[in-house]
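FYI, it's all coordinate maths here, none of it is from the lab. Just so it is clear, the structure is predicted and the values come from calculations on it, not from any experiment. Here the Cβ is made from the backbone with ideal geometry for all residues, glycine too, and neighbour counts use every protein chain on show.
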Amino acid sequence: MNKITNTNEIGEMVRAARKAQGLTQVQLSAACGVGVRFIRELEHGKPSCHIGKALQVMVMLGLDVFIEGRSAS
């Protein structure tokens, strides 16, 4: 499991998953019901991307998202 610390890392993971599946940004946007511009901005790590849409794209790509609290140790 990768620890994500910024939006650029999310974008890199989304781009890698999209390319691994042989999808273009246009194809992914159509499959997710979002605009191509949104996919482009997400992949470039735009900090203000809509989290609901970003999660929708990640789910479509088969990426699991986990949030875990830090241990008190």
Between beta-carbons, use under 15 Å as the cut-off and find the net charge around G52, counting Lys and Arg +1, Asp and Glu -1.
+1
Just subtract the alpha-carbon distance of V26 and K53 from 0.36 nm times their residue separation and send over the number in nm, one decimal.
8.2 nm
Compute the convex hull volume of the Cα atoms of the chain, divide it by the residue count, and report the result per residue in Å³ as a whole number.
89 Å³
For F38, net neighbour charge (Lys/Arg +1, Asp/Glu -1) across residues whose Cβ lies under 12 Å away
+2
